[in-house]
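Shown next, in structure tokens, is the structure this report addresses.
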Amino acid sequence: TLPAWAVVNPAGVGSGNPDISVPAGQVTIPVAVTYPDGSGGVIDVVVTVGTTDAHDNQPDYVDTTVEPGTATTIAAPLNSDGTAPPAGTSYAPADATTLPAWAVVNADGTITVNPDISVPAGQVTIPVAVTYPDGSGGVIDVVVTVGTTDAVDNQPDYVDTTVEPGTATTIAAPLNSDGTAPPAGTSYAPADATTLPAWAVVNADGTITVNPDISVPAGQVTIPVAVTYPDGSAGIIDIVVTVGTTDSSENTPIVTPITTPIGVVPPATEGIGNEATFPPGTTVEWQTPPDVSKPGTTTGTVVVTYPDGTKDVVTVPVTVEVPAGPTDAVENTPIVTPITTPVGVVPPATEGIGNEGTFPPGTTVEWQTPPDVSKPGATTGTVVVTYPDGTKDVVTVPV
């Protein structure tokens, strides 16, 4: 019954060295004693085997949450009363083959974790082997919760936008559905620069500058935008930009034939019947005026220029007629009156026509070529008199 870990020597000295497999508790060892006279007896010695370090310590880790792309050091485990295991305690993975590649169990009990964005979100249990100074040991589990990536936590979207050709517009950076912005440090770029329209620029802050000119066809254009979050996760957001129609596609000039007296070029607006319906800022001009030098039918080319820069060009039929009676230019003859004026002052053209008051209402008198009044002396200017019927007289006025 003598335990294997106990020795009683003839001198009566007992020694014991129970290993960590020996259960804690009292063990009674009977010792036979023989005296010199041959008599003897039995003496009991009670040996109390103490508890192991593994029994006396029950350390535990604090379960930890870590975000992908973020390195974290988990503190060494402590006993429930806050004390540390004895000095000399060491730690190692309980099973190195199942230890995640992103986790390191350090000998001092700390654990370094650094999951990248490829690690799925969820709980991971890491078993840690602990060895105490007395050789006893155990296994402690630590639960590490891997958080979700920024790409999972954020689902920003752009507001689809309509832009008119020839108009620059800045589209705001995308927001999450609750109105919050993605985290600071999020960056944006074209998902495919080779397909990005030349009239669109994706800025690093997520805004998009669009400025389609009038050559861009009307319709919807989808622009994919690559978003990269601070943790390295990423995604693609599509924005739909609708390019509006041009003024020229929304307006069609209605040609109206014109009849005009010989020698009178009519206003180009007379050849467009719906000019009043065009957007404000539209101009209607002769691109090629009609030849009104002789009676008959001819044509002129009118260009309609809209505010967005687009144009329509149409051909207008023109009938040139000889008036039944004499023209205003035949019935009126301007009387030239010399003008005296201070240096530097261009006088009104009417001062050079002595009988301007006799002309029919609606007649205009204007300088065709103003006189040079930059220095003293005699000079001339050319005055054009335009009568209500469109006929004209041109005279030279001494100044």
Open item on the list: Which pairs turn up if I take residues in region 168-184 that are in the same structural domain as Asp231 (by TED's automatic domain parsing) and look for partners that are assigned to a loop (DSSP other than H, G, I, E, B) and of a type in the set (Val, Ile, Thr) with beta carbon separation below 6 Å, at least 6 apart in sequence or on another chain?
Closed with: Thr170/Thr207; Ala173/Thr207
- [ ] Check off (1) modelled with pLDDT of 95 or more; (2) within 20 Å of Pro3 (Cα to Cα) for Thr72 and give me the number that stays unchecked.
- [x] (2)
- [ ] Would you check if Val322 is surrounded by 17 or more Cβ atoms within 10 Å (Cβ to Cβ), more than 53 Å from the chain's Cα centre (by Cα) and farther than 30 Å from Thr161 by Cβ?
- [x] no
- [ ] Test Thr386 against the criterion of being of a type outside the set (D, E, K, R) and surrounded by fewer than 17 Cβ atoms within 10 Å (Cβ to Cβ), and give yes or no.
- [x] no
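Yes or no, residue by residue, for (1) exposed (fewer than 13 other Cβ atoms within 10 Å of the Cβ); (2) farther than 30 Å from Glu250 by Cα; (3) under 60 Å from the mean Cα position of the chain (by Cα):
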position	(1), (2), (3)
Pro307	no, no, yes
Gln368	no, yes, yes
Thr382	no, yes, no
Gly390	no, yes, yes
TODO: Would you check which residues across region 220-233 are at pLDDT 95 or above, closer than 16 Å to Gly206 by Cβ and surrounded by fewer than 16 Cβ atoms within 10 Å (Cβ to Cβ) and list them?
DONE: Pro224
- [ ] List the number of the failed condition for Pro77; all other conditions in (1) at pLDDT below 95; (2) surrounded by 13 or more Cβ atoms within 10 Å (Cβ to Cβ); (3) under 56 Å from the mean Cα position of the chain (by Cα) hold.
- [x] (1)
- [ ] Name the residue, out of Asp44, Asp60, that is surrounded by 10 or more Cβ atoms within 10 Å (Cβ to Cβ), of a type in the set (D, E, K, R) and either more than 20 Å from Ala92 (Cα to Cα) or touching a residue at least 60 places away in the same chain (Cβ under 8 Å) (or both).
- [x] Asp60
Task: Selection from region 329-367 of residues that are charged (D, E, K, R) and closer than 15 Å to Thr396 by Cβ - done: Glu351, Glu366
Task: Hits in region 134-154 - residues which are surrounded by 13 or more Cβ atoms within 10 Å (Cβ to Cβ), in contact (Cβ under 8 Å) with a residue 24 or more places away in the chain and outside any strand (DSSP E or B) - done: Asp134, Ser136, Gly147, Thr148, Thr149, Asp150, Ala151, Val152, Asn154
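The values are calculated or read from the model by the stated rules, or taken from the named source; none is laboratory data. As the structure is a prediction and not an experimental result, all values here were calculated from the model. We place every Cβ from the backbone using ideal geometry, glycine too, and count neighbours over all the protein chains shown.
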